[in-house]
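The values are calculated or read from the model by the stated rules, or taken from the named source; none is laboratory data. In this text, all values refer to a predicted model and were calculated from it rather than measured experimentally. Positions of Cβ are generated from backbone atoms using ideal geometry, with glycine treated the same way; all protein chains shown enter the neighbour counts.
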Amino acid sequence: MNRPEWMNDPSLADVDQAKLDFLQTLVFESQNLSPKEMLSFLMNISKRGKDSSVSFTKDEMNRVIAVLKQRSTPDEIARIDKAVKLMQNRK
């Protein structure tokens, strides 16, 4: 199976493939969620990440977000920003 284009970005070369696969699954699963469903989904993601021992450093997350935004539409960027803000408010 071919890796999605965003995973091949040189800035992500040192990020564990399992982490990138986890994120790709999340991107796929969240595609059709309404804004109301997104918060619940993000909380579930957090639990799944802990259960799977998947965690990201702040630097890794910043690089992943930057790469995703480079390949996103304005609507997708707004969703990414909203998801990031929701996750930051949970801390």
Test LYS36 against the stated conditions and say whether it is among the charged types (D, E, K, R), under 18 Å from MET87 (Cβ atoms) and either under 14 Å from the mean Cα position of the chain (by Cα) or surrounded by 15 or more Cβ atoms within 10 Å (Cβ to Cβ) (or both).
no
Filter the stretch 32-84 down to the residues that are of a type in the set (Gly, Ala, Ser) and either touching a strand residue (DSSP E or B) at 6+ places or on another chain (Cβ under 9 Å) or under 20 Å from TRP6 (Cα atoms) (or both) and list them by number.
SER55, ALA66, SER72, ALA78, ALA83
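For the stretch 60-74, give me the residue count where each residue is part of a helix (DSSP H, G or I) and more than 13 Å from the chain's Cα centre (by Cα). Even if it seems obvious, please write down each step before you answer.
The initial filter retains those residues of the stretch 60-74 that are part of a helix (DSSP H, G or I), namely 60-70, 74.
Filter once more, keeping what is more than 13 Å from the chain's Cα centre (by Cα): 70, 74.
Total meeting the criteria: 2.
Let me confirm something: among ALA83, ALA78, which residue is in contact with a Leu (Cβ under 7 Å, 6 or more places away or on another chain) and in a helix (DSSP H, G or I)?
Details: ALA78 fails: in contact with a Leu (Cβ under 7 Å, 6 or more places away or on another chain).
Testing whether each residue is in contact with a Leu (Cβ under 7 Å, 6 or more places away or on another chain) and in a helix (DSSP H, G or I) leaves just ALA83.
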The stretch 6-24 residues that are at pLDDT 90 or above, paired with ones that are among the acidic types (Asp, Glu) (beta carbon under 8 Å, 6 or more apart):
VAL15/GLU60
